[in-house]
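Data block below; observations after.
The values are calculated or read from the model by the stated rules, or taken from the named source; none is laboratory data. Keep in mind that this is a model prediction, so the values were computed, not measured. Using ideal geometry, Cβ is built from the backbone for each residue, glycine included, and neighbour counts are taken over all protein chains shown. The area values use the complete protein model at the heavy-atom level, side chains included, leaving out ligands, DNA and RNA. Shrake-Rupley method; radii C 1.70, N 1.55, O 1.52, S 1.80 Å.
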Amino acid sequence: GPPPPISSTEESRLDDKPLIALISAVRASIPPTLDAFAAGFPEAQPWNILDDRLLEDANEQGGLTAHLQLRMERLIDHALTEGADGVLLTCSLYAPVAHEAAVDAKVPVLAPDDAVFIAIQDEGYGNVLLVSSGAGPLQDSVTRLRAFVGSGVSVDGVLAEEAASAARQGDTSAVADAVVRAARSATPGFEAVVLGQFSLAPGADAIAAALGIPVLAGPQYAVRRLRTLISKDKP
C-alpha cells in the first residue's frame, strides 16, 4: 500500500526548508519578493497565494471593508492550515488583517511594512518620505507609519502614480524614474525614502543613486525579519 501521509510539519522538518506563504494582491509584488528571498533567505520555500482582485475591490469599495477583511483572513487561514512556517502579506492595505491574525497564529504572520517601520526607528531617521503608487495605499501607509514611529519622526507622503503601470509592465527604470520625480516634487529635507509597495522595490538601487540618500524597500527587510523570527522558533 501507499506510505502513510507525512504531515506538513514533518515534511518541513525533513527537508528543513521553511515554507513561507506570500499572500499578494498584485502580480507585480511577487518578483521582487522572490528576489528578496533568493538573496536574503535562500533556504526558505516561498509559496505564492495571489488574489488579484483584492486591491481593485478595495479601491471600488472605498478601502478595507469588513468583507474584504474576512476574505484576507480566509487566505491567511488557508496558508496556516496547509502548514506554512510563516506568512507574509505583500499588500500594505491589508496590514491590519495580518496584525490580527498574528495574535493567535503559532507562526510569524507579517504585514509587508512591519520590518521597514522597525528599521526606520532602529536606524534613527528623523525625517522620511513615503512614496506610494496609489492614493488609498499612500494615505493608509502614512497614517500607520506615523502611528508607529510617534512624534519623534517626521513622515511625509507623496504619490508616484505612473509607477503603478510601470511596475505592472515590469519596467524597473520607469518605476525608478516615477519615484524619483515624485520625491523631487516633495518638501525637501527627508533623510530616507520609504517605498510604500513591494512592487516598487526593484527600482530601489536606481532611486537611491539618483537621490543620493538611503531607500528602504519592504521585501528585503520583511524577509530578513522572517528569517530571524523563524530561526528563533527552531529548536
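Annotation: per residue accessible area for the stretch 34-193 equals 46 Å², rounded to a whole number [probe 1.4 Å, protein chains only].
Projecting label points 7 angstrom from Cα along Cα→Cβ for Q121 and H67 puts them 3.6 nm apart.
Surface composition of the stretch 101-168: carbon and sulfur atoms hold 49% of the protein heavy-atom accessible area at a 1.4 Å probe. Go ahead and collect, in residue order, the members of the stretch 59-87 whose backbone nitrogen is under 18 Å from a label point 7 Å along the Cα-Cβ direction of T143. Answer for this model: 59-70. Positive end of the dipole of the stretch 179-235 (Cβ unit charges, origin at the Cα centre): among V223, A206, P188, the Cα lying farthest that way belongs to V223.
Computed about the Cα centre, the dipole magnitude for the chain is approximately 280 debye when only Lys and Arg (+1) and Asp and Glu (-1) carry charge, each at its Cβ.
Taking each DSSP H run with n ≥ 4 as -39500 (n - 2.57) and averaging over every residue of the chain yields -15500 deg cm²/dmol at 222 nm.
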